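Computed from the coordinates by the stated procedures, all read-outs in this text should not be read as laboratory data. Note that the structure is a prediction, hence the values are computed from the model and not measured. Quick reminder, even Gly has a Cβ in these numbers, built from the backbone with ideal geometry, and neighbours come from all protein chains shown.
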Amino acid sequence: MPQRRFRFIVSDNYTPRSNTDVPSIGQLLKKLKTSSRDIRSSQKQLGAEIHLLERVYYKGKNQHGLSLFWRNVVATRRMASRVHEVNTPRLLEILAGMFHDEEFGGTKVFSGAWTRIPPPENVAKIIERLLDIVKLLKSASTEFLKAYRAFCLFMPTTAFLQLTIVLVGIVARANALASSLLESISEIIPCVYATFEALQPPTPLHRKISKRVKSLSSDTPASPIQTDAPARTETTTEVPMHIDDEDIGSAVARAAVQLSPLNNTTLPSPPILPDSIIIIAEPSIALETVIERSPSPAQPPLEVPTPNFLEEQTVAKSEAVPRDARITTKKAKKRKKARDEIDDIFG
């Protein structure tokens with residue numbers, strides 16, 4: 001059996017409530033009652049995601065165990081299991097049980113009235129444990145974000161798209177649950193620290209705890225998973241869109257192009273067509289449509305000059321062949337068939 005990473009040693013030096021009254025304890029118990037519901041729900045959902053991740057891990061370990069992207073699966077499985085093993089709801093029950101003489105089970109420990117005051121050392125150990133959990137959750141969120149980006153880069157080129165989509169969903173859900181746990185615990189720590197200061201702890205212990213709490217407030221929170229999208233540099237105009245319409249994006253305002261005016265530029269007038277006969281032939285009808293253009297009264301009809309070489313060719317042909325010449329063709333005479341005696345008899 002592996003050694004437990006956290007072992008809580010309870011001190012028996014309790015003080016009854018009748019002697020002293022600490023208002024911060026009542027505020028702490030109210031905060032624990034409201035926050036424990038969210039933490040318990042997140043813990044339960046994280047267990048379901050780990051169960052699904054375990055099935056995916058053992059099903060694809062032999063096939064994908066040597067691939068690079070499988071390292072992110074192993075890291076995600078390790079961090080998710082570590083966050084679940086912390087068992088934050090149980091730690092909050094231990095903290096609330098310090099203020100009760102009777103032992104309550106489950107969520108009843110947050111509803112009863114407190115009857116005793118624990119020693120400051122016990123509260124200091126709870127604060128240190130909560131600070132360690134915050135550090136673990138930040139590391140887990142960083143690891144989940146790294147795995148999410150690796151799976152998204154691997155998705156377009158992989159042959160195992162269904163497996164990659166399942167892993168992306170598990171990692172995104174685990175990161176959301178880790179962020180929810182981190183937010184809830186970060187709200188509980190100031191209340192616990194206020195109760196710790198009200199108990200008047202020793203100076204070395206108070207200095208140690210206050211230093212860690214201040215370092216926690218100075219750290220930047222873990223960033224949630226977001227898709228990498230390029231920043232828009234162009235000015236966009238919002239276009240109203242109905243719910244049933246397709247999302248086609250938003251319109252982009254473009255600069256209008258201004259054309260310089262033409263300086264004293266006149267277009268040439270179209271040429272005047274001579275009078276001619278235009279024949280329009282239709283492929284399906286054998287008729288021809290003849291359109292005659294009547295001459296304009298202002299302008300006389302133009303004569304098209306005949307080229308010189310056409311006149312020379314016409315004269316040469318007329319001189320070479322006489323006008324009275326006729327081409328005659330003689331018909332071949334029919335050859336008479338020789339008559340024989342039978343033809344003479346029968347005629």
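Pair-distance distribution P(r) for the stretch 29-218, from all Cα-Cα distances in 5 Å bins starting at 0: 1, 7, 16, 17, 15, 12, 10, 8, 6, 4, 3, 1, 0 percent. In this simple spin-label model, placing a label point 7 Å from the Cα along the Cα-to-Cβ direction at both Arg335 and Lys214 gives a separation of 14.1 nm. Between the beta carbons of Ser139 and Glu197, assuming R0 = 30 Å, the FRET efficiency works out to 0.60 to the nearest 0.05. So if we plug the beta-carbon distance of Ala75 and Leu52 into 1/(1 + (r/R0)^6) with R0 = 25 Å, what FRET efficiency do we get, rounded to 0.05? Using R0 = 25 Å, I get an efficiency of 0.90.
About the Cα centre, and with charges only on the beta carbon of Lys, Arg (+1) and Asp, Glu (-1), how big is the dipole of the stretch 29-218? Nearest 20 debye, please.
Values: 28 positive and 15 negative charges, 100 e Å.
In total the dipole reaches around 480 debye.
Out of Thr34, Phe151, Ser111, whose Cα points farthest toward the positive end of the dipole of the stretch 29-218 (charges: +1 Lys, Arg; -1 Asp, Glu; placed on Cβ)? Value: Phe151. Over the stretch 36-126, the fraction of Cα-Cα pairs per 10 Å bin, rounded to whole percents and listed from the shortest bin up, is 14, 33, 23, 16, 11, 3. If R0 is taken as 51 Å, the Cβ-Cβ distance between Lys61 and Asn13 corresponds to a FRET efficiency of 0.50. Applying a threshold of 27 Å to the alpha-carbon distances of Lys33/Lys214; Lys138/Lys211; Lys125/Lys214; Lys31/Lys146; Lys44/Lys211 flags Lys31/Lys146; Lys44/Lys211 as lying beyond it. The slack between Arg207 and Thr158, meaning 0.36 nm per residue of separation minus the straight C-alpha distance, is 12.3 nm.
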